[in-house]
1. Are there any helices (runs of 4 or more DSSP H) wholly within region 243-317 with 1 or more residues that are aliphatic (A, V, I, L, M), and if so which?
2. Those residues that are aromatic (Phe, Trp, Tyr) and either under 12 Å from PRO84 (Cα atoms) or crowded, with 24+ Cβ neighbours inside 10 Å (or both), I need them from region 120-140; list them, please.
3. Evaluate the following for ALA165: is it at pLDDT below 85, open to solvent by 20 Å² or more (accessible area, probe 1.4 Å) and in a loop (DSSP other than H, G, I, E, B)?
4. When you check VAL243 against the structure, is it modelled with pLDDT under 85, more than 30 Å from ASN157 (Cβ to Cβ) and surrounded by fewer than 19 Cβ atoms within 10 Å (Cβ to Cβ), yes or no?
5. Suppose the filter is open to solvent by less than 70 Å² (accessible area, probe 1.4 Å), modelled with pLDDT of 90 or more and over 25 Å from THR160 (Cβ atoms); does SER216 pass it?
6. Got a sec? Which strands (runs of 3 or more DSSP E) wholly within region 48-119 have at least 2 residues that are in the same structural domain as GLU138 (by the TED database) and surrounded by fewer than 22 Cβ atoms within 10 Å (Cβ to Cβ)?
7. When residues of region 141-162 are filtered for being crowded, with 21+ Cβ neighbours inside 10 Å and either in a loop (DSSP other than H, G, I, E, B) or not assigned by the TED database to the domain that holds HIS173 (or both), how many remain?
Amino acid sequence: MPKESSHRVVVIVDAGSNPFEIGVATELFGLRRPELDVPWYDLALCTPTPSIEMHLGFFTLSGVGGLTEVDTADTVIVPNRPDPEAPVDPAVLDAVRRAAARGARLVSFCTGAFTLAAAGVLDGRRATTHWRWAGLFEQMFPAIDLQPDVLFVADDNVYTAAGSAAALDLGLHLIRTDHGAEIANAVSRRLVFTAHREGGQRQFIDQPVPTIPDTSLAPLLAWARSQLANPLTVTDLADQAAVSPATLHRRFQSELGTTPLAWLTTERVALACRLLERGTPGLDRVARQSGLGTATNLRIQLKRTTGLTPTTYRHRFALTP
């Protein structure tokens, strides 16, 4: 039997909402996952009117709750905007403001950042949206610190994701925050999706999708993941790939939107999280096995990534009592 849900997620669906983002929220937070043996989410959809026609009239949603559902949500996912310049339903904005006032976690996918901005909850914060609408967003909301080329941004209790696919990245990040890396990885495997892409990774806005995807880094990444406990350097990675360090940097920036060293650190922190969750004893041992070297560096990197100390992280996300 699945454990009782302890976190209520409410998705606001408005006129013209994109079904993809709603599907992402349903897949991540709405499916029962008894195999994970953790209290999963309680998902609800709500609409400002009894019946809502969604994107291009392909779907009509009815039979769900009204906006009062938002008043009991721990996490509120706001509607994306089919036309970012169109005014947002005032009732939706009021519901978002009420949620913000009582400290609920606020989340937007793609153009949903326009909804949060119109509600005034992004003023003075960092945020992101789809690169296509970045210029318009900056014009409409100059008081917001837009990060135009990243996958997602977390600013206190407000989270914004860039494009539609980045909604998956942000959703998995929220699951990782709530339940730890091991659970998030299990969900990503069910989705057949990348377990962890940093929010700061670029949106790849400058290059088209190639006809044949460039997977030249895949063997190197697989090898590096098997060697994380060793003192790898950028030169070691370049030698393994049989390229110069400069060429390796260019490939990492082109294909992953990050540097080799930053990628290594991210992978090592993710491994350290898994070791802590599995009960590996001793911070020095966890640091050595994850390649972070020392307990001091483990504390610094884990705090930077998760906001938690190793001890707090272990206590919160340990898979065994």
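1. Values: elements: 245-255, 260-277, 283-290, 295-306, 310-317.
So the answer is 245-255, 260-277, 283-290, 295-306.
2. Filtering region 120-140 for residues aromatic (Phe, Trp, Tyr) gives 131, 133, 137.
Scanning region 120-140 gives TRP133, PHE137.
3. Details: at pLDDT below 85: yes; open to solvent by 20 Å² or more (accessible area, probe 1.4 Å): yes; in a loop (DSSP other than H, G, I, E, B): no.
Here the answer is no, as ALA165 does not meet what is asked.
4. Numbers: modelled with pLDDT under 85: no; more than 30 Å from ASN157 (Cβ to Cβ): yes; surrounded by fewer than 19 Cβ atoms within 10 Å (Cβ to Cβ): yes.
Considered against the rule, which asks whether it is modelled with pLDDT under 85, more than 30 Å from ASN157 (Cβ to Cβ) and surrounded by fewer than 19 Cβ atoms within 10 Å (Cβ to Cβ), VAL243 comes out as no.
5. Values: open to solvent by less than 70 Å² (accessible area, probe 1.4 Å): yes; modelled with pLDDT of 90 or more: no; over 25 Å from THR160 (Cβ atoms): yes.
When the stated conditions are applied, SER216 does not pass them.
6. On the way: elements: 51-53, 60-62, 75-77, 105-108.
Filter on region 48-119 gives 51-53, 60-62.
7. The qualifying residues number 3.
The values are calculated or read from the model by the stated rules, or taken from the named source; none is laboratory data. Just so we're clear, the structure is a prediction, and the values are computed from it rather than from any experiment. Every residue, glycine as well, gets a Cβ built from its backbone with ideal geometry; the counts of neighbours run over all protein chains shown. For accessibility, only protein heavy atoms count, side chains too; no ligands or nucleic acids. Shrake-Rupley method; radii C 1.70, N 1.55, O 1.52, S 1.80 Å.
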